[in-house]
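Notes follow once the structure below has been shown.
The values are calculated or read from the model by the stated rules, or taken from the named source; none is laboratory data. All of these numbers come straight from a predicted model, not from anything done at the bench. Note: ideal-geometry Cβ built from the backbone for every residue, glycine included; neighbour counts use all protein chains shown. Accessible surface is based on the protein model in full, side chains and every heavy atom, while ligands, DNA and RNA are left aside. Shrake-Rupley method; radii C 1.70, N 1.55, O 1.52, S 1.80 Å.
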Amino acid sequence: EADDAEALDAYSRAVTAVAERLTPSVANLRVARRVRGGRRLDGGGSGVAITPDGFLLTSAHVVARTDARGRASFADGRDLPFEVVGADPLSDLAVLRAATDELAPAELGNAEELRVGQLVVAIGNPYGFAGSVTAGVVSALGRSLPTRSGSTVRIVDNVIQTDAALNPGNSGGALADGRARVVGINTAVAGV
């Protein structure tokens, strides 16, 4: 009888290896927004640790219109406060700083080396469900995506299009290549 390791095909081995390596670096982000009438609306998304001393990347829309702080939960059970260091709504990227110097940083890759058809893995932490993993391929490269910040509209170039399913709350999570190197931050889902 073959053991579990032998039973996995090459595709499954690649995806599980990426998930095992990156899950400790991906956080569930919880934020609160003030809405009309002074009510608070809770929201969130995912983020990716990029340095051991607390810096994370996420999508700017995850932290937009918040009080520039929130909580980041990791798969190991840590729940840390964070502050928004900076956000660019027109590229839909934000940098956060969590109150720690013991994060497991993800390795950053080079999106310029991606090829259409290449395996990519999307890892998020939606709603605190650690390590939500989907996989797919790079569907297209060099796409353009219109973004808006108030009345300002901008076209973001060189967007990576993938068929990896993104679940609600995966915004800000990692898009990684088969070697677990982060090549993108999940920011948008095309729809009708």
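Structure values in brief
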read-out: Kirkwood-based Rg to Rh ratio, segment 29-134, C-alpha trace; value: 1.00
read-out: Helical mean residue ellipticity (222 nm; -39500 (n - 2.57) per DSSP H run of 4+; nearest 500) of the chain; value: -2500 deg cm²/dmol
read-out: Dmax and Rg, reported as Rg then Dmax, of segment 1-84 (C-alpha, Å); value: 17.6, 64
read-out: Accessible surface of segment 1-133, 1.4 Å probe, proportion on carbon and sulfur as whole %; value: 52 percent
read-out: Order by protection proxy (mean Cβ within 10 Å, highest first), peptides 97-110, 19-32; value: 19-32, 97-110
read-out: Pair T100, E112: separation of 7 Å Cα→Cβ label points (nm); value: 3.3 nm
read-out: Helix 10-22 axis, angle to the chain major axis (alpha carbon atoms, nearest 10°); value: 40 degrees
read-out: Most fluctuating residue given options I50, I123, I155, as computed from a GNM of the chain linking Cα atoms under 10 Å; value: I155
read-out: The chain pair-distance distribution - Cα-Cα, 10 Å bins, rounded %; value: 10, 36, 35, 15, 3, 1, 0
read-out: Amide H contacts under 5 Å for Q118, placed H, 5+ residues apart; value: V138
read-out: Cα-projected label distance for A64 with E83, points at 7 Å along beta-carbon direction, nm; value: 2.4 nm
read-out: Surface per residue (accessible, 1.4 Å probe) for segment 36-119, Å²; value: 55 Å²
read-out: Most mobile listed residue (A14, A60, A49) in the chain, GNM with C-alpha springs under 10 Å; value: A14
read-out: In Hz, Karplus ³J(HN,Hα) per residue of segment 118-123 (6.51, -1.76, 1.60; θ = phi - 60°; x = Gly, Pro); value: 6, 5, 9, 10, 9, 10
read-out: Hydrodynamic radius by Kirkwood, which averages 1/r over all alpha carbon pairs of segment 36-88, in angstrom; value: 12.3 Å
